Amino acid sequence: MRMVDVIHKKREGEALTQEEIAFVIQEYTHGGAPDYQMSAFLMATFLNGMTNEEISYLTSAMVESGDRVDLSAIEGVKVDKHSTGGVGDKISLIVGPVVASLGIPVAKMSGRGLGHTGGTVDKLESIPGFQIELSSEAFIQAVNTNKIAIVGQSGNLAPADKKMYALRDVTATVDSIPLIASSIMSKKIASGADAIVLDVKIGSGAFMKTVEDARVLARTMVDIGNRLNRKTIAMITDMEQPLGREIGNANEIREALEVLRGTGDAELTEVAVAVAAYMIMLGTGDTDYEAARNKVKDVILSGQAVEAFRRFVASQGGDARVVDHPELLPTARYSFEVAAVETGYVSRINAEQIGIAAMLLGAGRAKKEDSIDYAVGLTLNKKIGDKVAPGESICTIHANREDVREVEAMIRGAYAIAEAKPAPLQLIYDVIV
Ligand code: URA
């Protein structure tokens, strides 16, 4: 088989066989095919698409390109959860302990943040002492003991995806549904999940800008999961504005704790309860969504969810006193209020711009090598639909420097104020099973 023939076939819009797709991925991963041939293959795929069958072959080939995490020593159905990325998305920090407190094992590998989106392991590292690197044995033991462990991505998982993603970034082939779907699902499958809840975000802070595109991506990933024997549910949820009110690493741990105590932001709580309910349904095999939601609410009200968070933090070396004393988390030296100048209602908050403003403060990374300041971030005092009057604070900037003019300008640019109250945003657009 020759790369050029497979590229030609895809260029002509024909469907590839499993052998052809496996050949392309193996050749590229092991250096037998150069970047220029893979670039041509990616562009042909971008332009001509793939059938769902081809996408599942591509996903399998990417999984086979590297190691697989073996979670067989953990009892029960291992349910993973993945978000396509957003601003203020601290859902994993909430649903992990909730699901664990119901006895369903959460053995999760999470990524670091890049650009305007944050990463779960960065947020966890804002807890003094928290270790995101555990040996495989310690990881499995932590899950068997506490039903939850969250670690950074390690090992050689789906190396084909890593190489292909770097190439897609510079060949204008990132936003292709077959390529996004196979990239996400290959990593989830390689990390050992039996079942997966996908949270596909749409809106100003997300990859997918419309519900229609998000539905196609969600359906494609659910189909891959079904073909590869992983029970998969995809939710389509809002990222038109940041999720919750806090952005920044320590800030988001504080806000997650509020939700776990039952006193958190209502919209964030609603999305978290729904994600946790679907995870429980996959973990137990029960099909009653309302019953699963009630279980989530019960463990929050009874304090079991917050206790699961406490055990989880302690088992990974973190200072569990932060649960009762969030003031022990890193705190920024300065805070500044961004005051409204007009009367009206918040009609838009560009989530990507808010994410970039937080990154400029030091809460995120512009480049992979950048370090993070865990203490800095933003508190959104007004969200879409809230009334504002001149002088009222729309946002608090938590900074470790005095000059925040650029950040403030960015926040002002992200907010739009209108005379009329906007229609409420939908939080959950669809659920695809
Ligand atoms: N996230 C991924 O992991 N891969 C993509 O291609 C896009 C988003």
Alpha-carbon radius of gyration plus Dmax, which is the widest Cα pair, for segment 1-60 in Å: 10.3, 27
Area of His8 that stays accessible when all protein chains are in place (1.4 Å probe, Å², to 10): 100
Translational D in µm²/s for segment 252-382 (Stokes-Einstein at 4 °C, 1.567 mPa s, Kirkwood Rh from C-alpha pairs): 74
Low-density loop cleavage sites - trypsin sites (Lys or Arg not before Pro) in segment 384-416, where at most 14 other Cβ are within 10 Å (DSSP): Arg401
Contour minus Cα-Cα distance for Asp324 and Glu14 (0.36 nm per residue): 105.7 nm
Length released on extending from Ala166 to Ser135, taking residue separation times 0.36 nm less the Cα-Cα span: 8.4 nm
Contact order normalised by residue count of segment 185-336, Cα under 8 Å, 6+ apart, percent: 19
Sequence-distant residues sharing a close amide H with Tyr415 (under 5 Å, placed H): Asn350
Accessible area per residue in Å² at 1.4 Å probe, computed on the chain: 41
Stretch gain in nm, segment Asp175-Ala314, where the contour uses 0.36 nm per residue and the Cα spacing is subtracted: 46.1 nm
Percent carbon-and-sulfur accessible area, the chain, ignoring ligands, DNA and RNA, probe 1.4 Å: 49
Square roots of five times the Cα gyration tensor eigenvalues for segment 214-287, Å: 27, 16, 10
Paramagnetic reach from Asp70 (point 7 Å along Cα→Cβ, amide N under 14 Å) across segment 140-158: 140
FRET E, pair Phe336, Ser154, Förster distance 51 Å, beta-carbon r, rounded to 0.05: 0.85
Shape call, segment 324-433: gyration tensor on alpha carbons, a/c limit 1.5: oblate
Charged-residue dipole, Cβ positions (Lys, Arg, Asp, Glu), segment 318-433 about Cα centre, Debye nearest 20: 180
Within segment 96-185, GluC sites (Glu not before Pro) in DSSP loop having at most 14 other beta-carbon neighbours inside 10 Å: Glu133
Cα centroid separation, segment 41-65 to segment 322-348 (Å): 44
Electrostatic dipole magnitude of the chain [Cβ: Lys, Arg +1; Asp, Glu -1; Cα centre; debye, to 20]: 200
Spread of Cα-to-Cα distances over 10 Å intervals beginning at zero, given as percent, for segment 1-144: 10, 28, 25, 25, 12, 1
Calculated FRET value between Ala291 and Asn226, using beta carbons and R₀ = 25 Å, to 0.05: 0.55
Computed FRET value (nearest 0.05) for Ser393 with Lys368, which takes r as the C-beta separation and R₀ as 41 Å: 0.75
Average projection area in nm² (convex hull over Cα atoms of the chain, one quarter of hull surface): 20.3
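The values are calculated or read from the model by the stated rules, or taken from the named source; none is laboratory data. Predicted, not measured: the structure shown is a model, and the values here were computed from it. Cβ atoms come from the backbone with ideal geometry, glycine included; neighbour counts cover every protein chain shown. To get the accessible areas, we keep the full protein, side chains included, count just its heavy atoms, and leave off ligands, DNA and RNA. Shrake-Rupley method; radii C 1.70, N 1.55, O 1.52, S 1.80 Å.
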